[in-house]
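The values are calculated or read from the model by the stated rules, or taken from the named source; none is laboratory data. Computed from a predicted structure; not experimentally measured. Heads up, the Cβs are rebuilt from the backbone with ideal geometry, glycines too, and the neighbour counts pull from every protein chain shown.
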């Protein structure tokens, strides 16, 4: 999905990447017209490729939002339920079960239902896939007020007597795009930064890993969120964890491969989606060493600032 050639060949992705939302919605309008004319169906396609919205008006309607993409996509795009609810009479979100507790109480959401392969247990007039919301709402700019997700079981970040910087680390995404993964031996360099204590936010055991790291409780997304709230910083590859940290308004550094997804823009260290996020980009495909070195230098600077404070 993040391949450079693919983005250049896809006018919608190219427009979204450069932040030209008006151009993206014109492309979406053309696609919607072609679908209506051809009467094509998509229900035999993989769920994340299915489109749902017919172009029907949302005002005053009961709207069902279907979350057919990944967990990170849902966390990123759930922000659009707030402007949706300003138009709709009722908003139900049919969401991945792992996110239900996290999304309870989200602005603009009246009802949260567990996604499954059957029929949604809600009455609705119109349904729409969550990533279709920006087009349906004709969004002109990204609503970037954070936090837009809350973690009910999280405590405020503790005041610690030690000067150690507590940093959560995620180095591996899903298997569908292994270009996002940073080799663990390279991340050993992070543990060499004086004044830093590393915590794994990666599900699974830390036993046998080639760096000193403490396993945080990532048994559920709500527990992962609670742990993030107690850390000074999260460093992550492009996966669900980086969206979660950004939505919670936590300090988060995201390491991106050279052919990263359209949502991270073409260049720059900031994200229009998450004000508390800093981006670290590969210069050459597959070469993570300069990225890790840049992160280490920034981390050392953060430790110095913390000790001065």
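Please tell me if residue 224 is touching a strand residue (DSSP E or B) at 6+ places or on another chain (Cβ under 7 Å), under 21 Å from residue 190 (Cβ atoms) and crowded, with 19+ Cβ neighbours inside 10 Å.
So residue 224 does not fit the description; no.
Among the residues of the range 205-233, those that are under 18 Å from residue 174 (Cα atoms) and in contact with a helix residue (DSSP H, G or I) (Cβ under 6 Å, 6 or more places away or on another chain) comprise 218, 221. Every test in (1) surrounded by 20 or more Cβ atoms within 10 Å (Cβ to Cβ); (2) touching a helix residue (DSSP H, G or I) at 6+ places or on another chain (Cβ under 7 Å); (3) part of a loop (DSSP other than H, G, I, E, B) is passed by residue 74 save one, and that test is (3).
Of all the criteria given as (1) outside any helix (DSSP H, G or I); (2) under 18 Å from residue 185 (Cα atoms); (3) in contact with a strand residue (DSSP E or B) (Cβ under 8 Å, 6 or more places away or on another chain), the one not satisfied by residue 299 is (1).
Screening residue 36 on (1) part of a helix (DSSP H, G or I); (2) more than 30 Å from residue 224 (Cα to Cα); (3) in contact (Cβ under 8 Å) with a residue 40 or more places away in the chain shows it passes everything except condition (3).
Taken as a whole, the condition of being touching a strand residue (DSSP E or B) at 6+ places or on another chain (Cβ under 6 Å) and in contact (Cβ under 8 Å) with a residue 60 or more places away in the chain applies to residue 291. Of all the numbered requirements in (1) free of Cβ contacts under 8 Å to residues at least 24 places away in the same chain; (2) surrounded by 15 or more Cβ atoms within 10 Å (Cβ to Cβ); (3) assigned by TED's automatic domain parsing to the domain that holds residue 113, residue 11 misses one, and that requirement is (3). Here 205, 191 are screened, and the one residue that is surrounded by fewer than 22 Cβ atoms within 10 Å (Cβ to Cβ), assigned by TED's automatic domain parsing to the domain that holds residue 280 and under 19 Å from residue 297 (Cβ atoms) is 191.
Considering only the range 123-138, I want to know if a residue exists there that is more than 21 Å from residue 221 (Cβ to Cβ), touching a helix residue (DSSP H, G or I) at 6+ places or on another chain (Cβ under 9 Å), surrounded by fewer than 16 Cβ atoms within 10 Å (Cβ to Cβ) and modelled with pLDDT of 95 or more. Looking for residues that are more than 21 Å from residue 221 (Cβ to Cβ), touching a helix residue (DSSP H, G or I) at 6+ places or on another chain (Cβ under 9 Å), surrounded by fewer than 16 Cβ atoms within 10 Å (Cβ to Cβ) and modelled with pLDDT of 95 or more, one finds at least one in the range 123-138, hence yes.
Entry remark, the range 271-288: residues being out of contact with any helix residue (DSSP H, G or I) (no Cβ under 6 Å at 6 or more places or on another chain), under 12 Å from residue 180 (Cα atoms) and free of Cβ contacts under 8 Å to residues at least 40 places away in the same chain number 2 in total. Where helices (runs of 4 or more DSSP H) fall entirely within the range 181-277, those with at least 2 residues that are over 20 Å from the mean Cα position of the chain (by Cα) are at 184-191.
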